[in-house]
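Reviewing the structure listed below.
The values are calculated or read from the model by the stated rules, or taken from the named source; none is laboratory data. What you see is a predicted model; the values in this text were computed from it and never measured. Note: ideal-geometry Cβ built from the backbone for every residue, glycine included; neighbour counts use all protein chains shown.
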Amino acid sequence: MMLIECPFCGARDETEFSCGGEAHIARPLAENKISDADFADYLFMRDNPKGLFLERWRHNAGCRRWFNMARDTVSHDIVEIYPMGKLPKTAAAKAAYNASWRRNTAAEQAAKPAASATKAKAKARGAK
């Protein structure tokens, strides 16, 4: 059994929680068009690594709130627990986030507002 530190309720037994799967999957915005194959990758493809993995968890039997967890899938050691909508702070969890294949997908890029993408392209060209 794992003892999970709920950021809102404190330490509780793992039976009070449920894992919501992979964390940091950005949904493509409707204004940004992507191919059916890229959308299928966003919708169905999930990682199942051996080692450090970033997951979403929910405290079902307590506060019913969601949070993210960086957990080693081999040893079940919890490296970090952090709020939804935030990025991990520990070096190992940051490395896992940056190493994810999702960071370079069309769906990940389509999750950003079109205006930001346009500004980024203009900045890359040297325009103001």
Note on residue 112: of the conditions (1) surrounded by 10 or more Cβ atoms within 10 Å (Cβ to Cβ); (2) more than 11 Å from the chain's Cα centre (by Cα); (3) part of a helix (DSSP H, G or I); (4) modelled with pLDDT under 90, unmet is (3)
Being free of Cβ contacts under 8 Å to residues at least 60 places away in the same chain, surrounded by 13 or more Cβ atoms within 10 Å (Cβ to Cβ), outside any loop (DSSP other than H, G, I, E, B) and over 14 Å from the mean Cα position of the chain (by Cα), is that true of even one residue in segment 66-74?
-> yes
Any chance residue 35 is at negative phi, touching a strand residue (DSSP E or B) at 6+ places or on another chain (Cβ under 9 Å) and among the small types (Gly, Ala, Ser) = no
Exception for residue 45 within (1) hydrophobic (A, V, I, L, M, F, W, C); (2) modelled with pLDDT under 90; (3) more than 16 Å from the chain's Cα centre (by Cα) falls at (3)
Please determine whether any residue of segment 45-60 is more than 13 Å from residue 22 (Cβ to Cβ), out of contact with any Gly (no Cβ under 6 Å at 6 or more places or on another chain) and among the acidic types (Asp, Glu).
no
### Query
Got at least one residue in segment 45-53 being in a helix (DSSP H, G or I), in contact with an Asp or Glu (Cβ under 8 Å, 6 or more places away or on another chain) and either surrounded by 12 or more Cβ atoms within 10 Å (Cβ to Cβ) or hydroxyl-bearing (Ser, Thr, Tyr) (or both)?
no
**Asked** part of a strand (DSSP E or B), touching an Asp or Glu at 6+ places or on another chain (Cβ under 9 Å) and free of Cβ contacts under 8 Å to residues at least 60 places away in the same chain - does that describe any residue in segment 21-43?
**Response** yes
Here the residues within segment 75-109 that are at pLDDT below 95, outside any loop (DSSP other than H, G, I, E, B) and under 15 Å from residue 7 (Cβ atoms) are none
